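The values are calculated or read from the model by the stated rules, or taken from the named source; none is laboratory data. Not measured: the values here are computed from a predicted model. Positions of Cβ are backbone-derived with ideal geometry, glycine not excepted, and every protein chain shown enters the neighbour counts. Protein only, heavy atoms only, side chains kept; ligands, DNA and RNA dropped before computing areas. Shrake-Rupley method; radii C 1.70, N 1.55, O 1.52, S 1.80 Å.
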Amino acid sequence: MQMRRSRFMTGLYLRAALVVAAALIWCSGLTSLFAEPATNATTATYITTAEIDAALQQMPPTSTTYDKPIKTLDTGAYKVTIVVLRRIPSKTADSALVHDRVTEVYQILTGAGMFETGGALVDGQPVDLTSEAAGPSVRGTIQGGESRRMGPGDVVVIPPGVPHRFSKLEGTITYLVTRIEAPRP
């Protein structure tokens, strides 16, 4: 059973790496519109399954949300940060977020839930999520968004300015996030 779970998780991590690579290729094409090619990125950046597992082990047992940046690559044109998140259902609904300059790519590793995007963010309050590599953001409530169920292997790309949140969790959910920060205008 443990070996089957390990192979399943390795497959998910490999798919996550492919999603990250596709996002980087896509974003590198877009950044050429805004900035010069990278000058300080000279090597590839790797993240191992062991590093992801170690980050998850640091989650405080009573915390309902854990957002842990693992590595950041600053290419000079943009920053890419790989983050692991775990959410545990709570009695309080998650508020929605809108990021100013960060595109996020979520890939669900384990668990499932309803993910809401779009619509309008109302009652927004500024929040600085720089320590989580999400930059200046606004937290509030979504009105008129679209909900979809997401489970293991599913991926969503959330451009800057798009309200998003998990509106309902079916238990604990763990997902890998690639945060791509555009340059300041």
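How many residues does region 42-69 contain that are within 26 Å of Ser167 (Cβ to Cβ) and either assigned to a strand (DSSP E or B) or touching a Phe, Trp or Tyr at 6+ places or on another chain (Cβ under 9 Å) (or both)?
Within region 42-69, residues that are within 26 Å of Ser167 (Cβ to Cβ) and either assigned to a strand (DSSP E or B) or touching a Phe, Trp or Tyr at 6+ places or on another chain (Cβ under 9 Å) (or both) number 10.
Got a number for residues in region 70-118 being open to solvent by 50 Å² or more (accessible area, probe 1.4 Å), of a type outside the set (D, E, K, R) and in a loop (DSSP other than H, G, I, E, B)? Qualifying residue count for the region: 6.
Can you find a residue that is over 22 Å from Pro69 (Cβ atoms) and either at pLDDT below 95 or under 12 Å from the mean Cα position of the chain (by Cα) (or both) anywhere in region 93-115? Yes, region 93-115 contains at least one residue that is over 22 Å from Pro69 (Cβ atoms) and either at pLDDT below 95 or under 12 Å from the mean Cα position of the chain (by Cα) (or both).
If you go through region 119-173 and pick out every residue that is surrounded by fewer than 16 Cβ atoms within 10 Å (Cβ to Cβ) and in a loop (DSSP other than H, G, I, E, B), you end up with 9.
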